[in-house]
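One structure is given here, and the rest of the page talks about it.
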Amino acid sequence: MTQFELFSELPTADAFKALYDTTGWGPASRDTAFYQAALAGSWRARAAYAEGQLVGFVRAISDGHLHAFITEMIVRPEFQGQGVGAALLGAIIADCQAAGLDDIQLFCAKGKSAFYQRHGFVSRPDDAPGMQFKPAG
Ligand SMILES: CC(C)(COP(=O)(O)OP(=O)(O)OC[C@H]1O[C@@H](n2cnc3c(N)ncnc32)[C@H](O)[C@@H]1OP(=O)(O)O)[C@@H](O)C(=O)NCCC(=O)NCCS
């Protein structure tokens, strides 16, 4: 079992980009300045470190009063399945609850619904789904 620690300070953009690029979500050609700017818009964050290496991250984007959106929930593949994700998610939910936020949302990646359900998330009803803008063409 890997020992890890959580910190609320944002990681460096270089370390975050290296972590983000493990997901295949975005073009690896994005430079660190892009991620630096994106991270600067975070409301709360948690970074997990093991032996000085960034091994996990999560953040919330929020107005601090009504809504929070949890995003960039990522654990390095070789550190998955050891409770790092659970610790990160629990910490960011606690941040939201401490601020009195009761609308905490996220988009669940394919195959991850059991993980989020274990942490208190439920799917929206079919007649009131979450929706995402998709440009025509
Ligand atoms: C989703 C993600 C962040 C979860 O991180 P993680 O560190 O693997 O999460 P945990 O270790 O806390 O839990 C994962 C599983 O390992 C199991 N587990 C946790 N600790 C364990 C331990 N000590 N021993 C054995 N199994 C354990 C849990 O039962 C859990 O099962 P579940 O997924 O069915 O709930 C990770 O899979 C990931 O980064 N995926 C790629 C990016 C992604 O898809 N992010 C989600 C975007 S919505």
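Quick one: count up the residues across the stretch 118-135 that are open to solvent by 80 Å² or more (accessible area, probe 1.4 Å) and more than 8 Å from the ligand (Cβ to nearest atom).
10
Can you name the residue in the stretch 9-34 that is of a type outside the set (A, V, I, L, M), in a helix (DSSP H, G or I) and more than 16 Å from the ligand (Cβ to nearest atom) and, of all such residues, is nearest to Val75 (Cα to Cα)?
Asp14
Looking at the structure I just gave you, is Asp95 in contact (Cβ under 8 Å) with a residue 24 or more places away in the chain and surrounded by 13 or more Cβ atoms within 10 Å (Cβ to Cβ)?
For Asp95, the condition - in contact (Cβ under 8 Å) with a residue 24 or more places away in the chain and surrounded by 13 or more Cβ atoms within 10 Å (Cβ to Cβ) - is met.
Exactly one condition in (1) in contact (Cβ under 8 Å) with a residue 40 or more places away in the chain; (2) within 19 Å of Tyr116 (Cα to Cα); (3) under 14 Å from the mean Cα position of the chain (by Cα) is false for Pro77; which is it?
(3)
Could you say whether any residue in the stretch 65-88 is part of a loop (DSSP other than H, G, I, E, B) and more than 11 Å from the ligand (Cβ to nearest atom)?
Yes, the stretch 65-88 contains at least one residue that is part of a loop (DSSP other than H, G, I, E, B) and more than 11 Å from the ligand (Cβ to nearest atom).
In the stretch 101-114, what residues are in contact with a Leu (Cβ under 8 Å, 6 or more places away or on another chain) and either within 13 Å of the ligand (Cβ to nearest atom) or in a loop (DSSP other than H, G, I, E, B) (or both)?
Passing the criteria: only Leu101.
Looking at (1) more than 16 Å from the ligand (Cβ to nearest atom); (2) open to solvent by 40 Å² or more (accessible area, probe 1.4 Å), which is the one condition that is false for Ser62?
For Ser62, the failing item is (2).
Output the residue which, of all residues in the stretch 98-108 that are in contact (Cβ under 8 Å) with a residue 12 or more places away in the chain and open to solvent by 20 Å² or more (accessible area, probe 1.4 Å), is farthest from Val122 (Cα to Cα).
Ala99
The values are calculated or read from the model by the stated rules, or taken from the named source; none is laboratory data. Because the structure is predicted, anything quoted here is derived from the model rather than measured. Cβ coordinates were reconstructed from backbone atoms using ideal geometry, including for glycine residues, and neighbour counts include every protein chain displayed. Areas reflect the complete protein model, heavy atoms only, side chains present, ligands, DNA and RNA absent. Shrake-Rupley method; radii C 1.70, N 1.55, O 1.52, S 1.80 Å.
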